[in-house]
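**Q** Handing you this structure, nothing more for now.
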Amino acid sequence: MSGLRLGVNVDHIATLRQARYAGMPDSKNAEPDPIIAAAMCERAGAQGIVTHLRSDRRHIQDRDIDRLRQNIMTKLNLEMGNTPEIVDVALRIVPDEVCLVPEKREEVTTEGGLDVVAQRKELEPTIKRLQTSGIRVSLFVDPTLEQIDAAHELGVEMVELHTGKVANAFSEKIEKQELENLQAAAKAGSELKLQVNAGHGINYSNIALINKIPHLTELNIGHSIVSRAMVVGIENAVKEMLAAMADYKA
Ligand code: PXP
């Protein structure tokens, strides 16, 4: 078993449910249920469950968050934008971890990391309030040394490196450059005693590349696992990803 841990993002289980039942939130037929899926991921060996409560509630709903909080046996990592409404939800349910992400209404999924350097003033009070409630805080950042330094200065416990560019690189040159950026950022984070995680766009093919980033503690993966679950079932999808991560050497 590799030392690298897996957090499974269950948002897209809710995306599928909302495609049919968005207008019928109390329907007994509303399926698939992200809470059942989360329990199955844990049973298959996932070390955490990740979910993003978006301001527009396009997939995960408030009721899902409450039920996830009550039922998860491993740990709950809540991804969220830094807005007063969502911060209040986090302070009410107290997830084990929060990962602060940028959030744009029109985006399909999170695009790019937080600009911690530019948003230092807005981030600082939120980080303090979350930490005072016992929540460990992560910042989702692009792999640059400036962002890692700024995250460290803000006193967070973790950073999550945005792997979207390497995952979607359309040339070997870009892939190589992005991998080098990720490797350097992970090293810098580790030297600053930050826990370094990674996520976004990781799938069963590019995991071999992600395994080349040193100093990682955790990968947070959603779309590829949920997609594979349609074919092989969610427990098998999780087990296959854990097996692919087993080659990892920090
Ligand atoms: N990590 C963060 C911070 C994210 O915003 C997302 C997308 O919700 C993920 C990981 C998972 O990305 P994917 O669904 O591409 O695996």
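Readers should treat all values here as calculations from the given coordinates under stated rules, not as data from a laboratory. In this text, all values refer to a predicted model and were calculated from it rather than measured experimentally. With ideal geometry, Cβ positions are generated from the backbone for all residues, glycine too; neighbour counts draw on all protein chains shown.
**Q** If we restrict to alpha carbons, what Rg and Dmax does the chain come to, in Å?
**A** Here Rg and the maximum Cα pair distance are 17.2, 51 Å.
**Q** Next question, about the same structure. Taking θ as phi - 60°, what are the ³J(HN,Hα) couplings along the range 91-101 by the Karplus curve (6.51, -1.76, 1.60), each to the nearest whole Hz, with x for Gly and Pro?
**A** Coupling constants for the range 91-101: 5, 7, 8, 6, x, 5, 9, 10, 10, 7, 10 Hz.
**Q** Sort 62, 96 so that the residue with the fewest other Cβ atoms within 10 Å of its own Cβ comes first and the one with the most comes last.
**A** Exposure proxy ranking, most exposed first: 62, 96.
**Q** Between residue 192 and residue 104, what FRET efficiency comes out of the Förster formula 1/(1 + (r/R0)^6) with R0 = 25 Å and r the beta carbon distance, rounded to 0.05? Numbers along the way, then the final one.
**A** Values: r = 29 Å, r/R0 = 1.14.
Using R0 = 25 Å, I get an efficiency of 0.30.
**Q** Then there's this: Using θ = phi - 60° and the Karplus relation 6.51 cos²θ - 1.76 cosθ + 1.60, list the HN-Hα couplings for the range 211-216 in order, rounded to whole Hz, with x at every Gly or Pro.
**A** Per-residue couplings from phi come out as 4, 8, 8, x, 6, 7 Hz.
**Q** Counting other beta carbons within 10 Å of each Cβ, put 97, 172 in order, fewest first.
**A** On the way: 97 23, 172 8.
Lowest count first: 172, 97.
**Q** Excluding residues on the same chain fewer than 8 positions from residue 165, give the lysines whose Cα lies under 21 Å from its Cα.
**A** Excluding near neighbours in sequence, the set is 104, 173, 176, 187, 212.
**Q** I would also like to ask the following. Tell me, how many Å apart are the Cα centres for the range 199-243 and for the range 1-72?
**A** One Cα centre to the other: 17 Å.
**Q** Using the Kirkwood formula over every pair of different C-alpha atoms, what hydrodynamic radius in Å results for the range 1-82?
**A** After inverting the mean inverse Cα-Cα distance, the result is 13.1 Å.
**Q** Something else now. Pick out, in residue order, every one of the trypsin sites (Lys or Arg not before Pro) in the range 80-168 that is DSSP loop and has at most 12 other C-beta atoms within 10 Å; say none if there are none.
**A** When the trypsin sites (Lys or Arg not before Pro) of the range 80-168 are filtered for loop state and at most 12 Cβ neighbours within 10 Å, 104, 105 remain.
**Q** Let's see if you can work this out: charge +1 on each Lys and Arg Cβ, -1 on each Asp and Glu Cβ, no other charges. What is the dipole magnitude of the chain about its Cα centre, in debye to the nearest 20?
**A** Dipole about the Cα centre, nearest 20: 480 debye.
**Q** Report, in deg cm²/dmol and to the nearest 500, the calculated mean residue ellipticity at 222 nm for the chain, where each DSSP H run with n ≥ 4 adds -39500 (n - 2.57) and the sum is divided by the residue count. Write out the running numbers ahead of the final one.
**A** Values: 11 runs with 113 residues, N = 250.
That calculation yields -13500 deg cm²/dmol at 222 nm.
**Q** Further question on the same structure: Taking amide hydrogens as modeled 1.01 Å from N in the peptide plane, which residues meet the under 5 Å criterion relative to residue 111, leaving out close sequence neighbours?
**A** 104
**Q** Same structure again: I'd like the Karplus ³J(HN,Hα) series for the range 12-28: coefficients 6.51, -1.76, 1.60, θ = phi - 60°, whole numbers in Hz, and an x wherever there's a Gly or Pro.
**A** 7, 5, 5, 4, 5, 4, 5, 4, 10, 10, 4, x, 10, x, 9, 4, 5
**Q** Just to verify a number: FRET efficiency for residue 70 and residue 176, C-beta to C-beta distance, R0 = 45 Å, to 0.05?
**A** Numbers: r = 45 Å, r/R0 = 1.00.
Efficiency computed from Cβ-Cβ geometry: 0.50.
**Q** Turning to a different aspect of this structure: Return the single residue from 86, 213, 49 with maximal mean-square fluctuation; model: Gaussian network over the chain, springs between Cα atoms under 10 Å.
**A** Judging by the Gaussian network model, the answer is 86.
**Q** Please compute the Cα-Cα pair-distance distribution of the range 127-169 with 5 Å bins starting at 0, giving whole percents from short to long.
**A** Using 5 Å bins, I get a P(r) of 5, 23, 26, 19, 14, 8, 4, 1 for the range 127-169.
**Q** Could I ask something else about it? Using Cα positions and a limit of under 17 Å, work out the aspartates and glutamates in reach of residue 75, with same-chain residues fewer than 8 apart set aside.
**A** Once the sequence-local aspartates and glutamates are set aside, what remains near residue 75 is 11, 42, 64, 66, 96, 97, 157, 160, 218.
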